[in-house]
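What follows is a set of notes on a single structure, which appears directly below.
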Amino acid sequence: MRLALVGFGVVGRSFAKLLQLKAGELASKSGLMPKVVCVIDNHSYSQDSNGLDLGKVLSKKNRSGSVGLPKKGLSSSEIISNTEADVLIETTQTNFKTGEPGFSHIKAAFQSKMSVVTANKGPLAVAFQSLTELARHNNVYFKFSGAVGGGTPILDFGRSCSKGDTIVRISGILNSTSNFILTHMERDALDFKSALLYAQREGYAEADPSLDVDGFDSAVKLVIMVNYLTPNKVAMRDVDISGIRGISLKDVERARKTGKAVRLVASADSKLKVSPELLDMTDPLCVSGAYNAVKFGCEFSGDKVIVGKGAGGMETASSILRDLIDIRGMLAARGSTSC
Ligand SMILES: NC(=O)c1ccc[n+]([C@@H]2O[C@H](COP(=O)([O-])OP(=O)(O)OC[C@H]3O[C@@H](n4cnc5c(N)ncnc54)[C@H](OP(=O)(O)O)[C@@H]3O)[C@@H](O)[C@H]2O)c1
């Protein structure tokens, strides 16, 4: 299977390493024989229709910051359109407002009859329906498990829950950064600012943490889940969002004395909401640190919960690989020979 990689940061590079580590096993266990024919970052690209040496591309990127030749005015979308590949792996940074550059990359891939796997929430937030329709129209596949829950297969689990049943409620802890901060306020008696600084030092929060602590990242993941797992079609503007900046150490300590914890909960039933809530410490949703948890309330079979680490390069890369194995299975089932 010929792959093109656009985005070669934490997740893109982890995916390349995972392919190297798993090469033998992938062929014997899943029949997947990936060949990376193109790697694109922000300013450079590298192409070889016989397959690139990933070790060389990784060490070039580590050494010089580039993956190959300068783009010289070519856009990543143009490079994608001129590449012969079966699947595009899209891992550029998330933009919740425009969905770019991921949106254009995914569109270019579909128009060139490539399937797409992405971990990028931006295009899903702004154009979920049009992208899924474009994929269908071009008879290709579109998978994005890594966009919600890092390596934890939240979307796949939700799909299983909805087979033969209907998901009527979703609630979850979807943002690792906020959960890490709230956990350390609770454990180490830190105020919000000190816990945020600690999260930044430990690599759990960006220099600009607003998308995480103000609830937008949780909201976008909620929107993706509702659109993917239920018949409802929603957008960011439908979510009532409040974050955790206003949570004080006193709030956290008061909650603890009554056996509860403050958590940033995203929920969808008759309304869509992201807000800090008090959870019983025994509630399976009440996870600690960088963990995520999602509860799917089903009409007939009741509540089901999935818990796991919500981010991380290798974790998210493993979701991408899972999606790729699924696509390989679907392509093989319809008799595609190149995969
Ligand atoms: N990190 C995680 O734990 C995690 C978990 C789940 C989902 N995600 C999502 O996965 C995506 C990637 O995350 P990350 O942590 O790997 O981000 P990152 O380290 O910031 O990497 C982003 C990559 O995109 C490249 N890029 C930017 N604009 C580009 C363009 N126009 N064309 C081609 N490449 C371009 C950058 O190039 P340069 O290297 O040249 O700057 C960089 O390689 C994001 O959407 C993120 O939200 C991340």
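Things to note:
- Scanning the range 250-284 for residues that are in contact with a Leu (Cβ under 6 Å, 6 or more places away or on another chain) and outside any strand (DSSP E or B) turns up just one, Ala255.
- Pairs are defined by a Cβ separation below 6 Å, a sequence spacing of at least 6 or placement on different chains, a first member in the range 230-243 that is part of a loop (DSSP other than H, G, I, E, B), and a second member that is among the hydroxyl-bearing types (Ser, Thr, Tyr) and modelled with pLDDT of 95 or more; the pairs so defined are Ser242/Ser275.
- Residues (touching a helix residue (DSSP H, G or I) at 6+ places or on another chain (Cβ under 9 Å) and not in a helix (DSSP H, G or I)) located in the range 118-142: Thr118, Ala119, Asn120, Asn138, Val140, Tyr141, Phe142
So that you can scan it fast, the table gives a plain yes or no per residue for (1) of a type in the set (A, V, I, L, M, F, W, C); (2) over 20 Å from Asp217 (Cβ atoms); (3) under 17 Å from the mean Cα position of the chain (by Cα):
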site	(1), (2), (3)
Leu124	yes, no, yes
Gln129	no, yes, no
Arg136	no, yes, no
Ser145	no, no, yes
Gly150	no, no, yes
Lys163	no, yes, no
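- Filtered by the rule that a residue be touching a Phe, Trp or Tyr at 6+ places or on another chain (Cβ under 7 Å) and β-branched (Val, Ile, Thr), the range 245-272 gives a lone residue, Ile247.
- Hits in the range 280-329 - residues which are away from the ligand (no atom under 13 Å from the Cβ), assigned by TED's automatic domain parsing to the domain that holds Phe8 and not β-branched (Val, Ile, Thr): Leu321, Arg322, Leu324, Asp326, Arg328, Gly329
- Against the criterion of being within 15 Å of the ligand (Cβ to nearest atom) and modelled with pLDDT under 95, Gly102 does not qualify.
- Residue identified as in a loop (DSSP other than H, G, I, E, B), at negative phi, in contact (Cβ under 8 Å) with a residue 60 or more places away in the chain and not hydroxyl-bearing (Ser, Thr, Tyr) among Ile224, Ile247: Ile247
- Test result for Val39, assigned to a strand (DSSP E or B) and within 10 Å of the ligand (Cβ to nearest atom): yes
- Test result for Phe96, aromatic (Phe, Trp, Tyr), in contact (Cβ under 8 Å) with a residue 24 or more places away in the chain, part of a helix (DSSP H, G or I) and within 26 Å of Asp208 (Cα to Cα): no
- Scanning the range 143-170 for residues that are surrounded by fewer than 18 Cβ atoms within 10 Å (Cβ to Cβ), in a loop (DSSP other than H, G, I, E, B) and not charged (D, E, K, R) yields Gly164, Thr166.
- Condition broken by Arg63, with the remaining ones in (1) loosely packed, with under 14 Cβ neighbours inside 10 Å; (2) on the phi > 0 side of the Ramachandran plot satisfied: (2)
- Test set (1) more than 23 Å from the chain's Cα centre (by Cα); (2) away from the ligand (no atom under 15 Å from the Cβ) - Ser64 fails condition number: (2)
- The residue of the range 207-221 that is surrounded by the fewest Cβ atoms within 10 Å (Cβ to Cβ), among those that are acidic (Asp, Glu) and part of a helix (DSSP H, G or I), is Asp212.
- Some residue of the range 45-52 being part of a helix (DSSP H, G or I) and surrounded by fewer than 18 Cβ atoms within 10 Å (Cβ to Cβ): no
- Which numbered condition Asn82 misses (of (1) exposed (fewer than 14 other Cβ atoms within 10 Å of the Cβ); (2) out of contact with any strand residue (DSSP E or B) (no Cβ under 9 Å at 6 or more places or on another chain); (3) at negative phi): (2)
- From the list Val116, Val168, the lone residue that is in contact with a Phe, Trp or Tyr (Cβ under 8 Å, 6 or more places away or on another chain) and among the aliphatic types (A, V, I, L, M) is Val116.
The values are calculated or read from the model by the stated rules, or taken from the named source; none is laboratory data. Not measured: the values here are computed from a predicted model. Here Cβ is always computed from backbone atoms with ideal geometry, including for glycine, and neighbour counts include all displayed protein chains.
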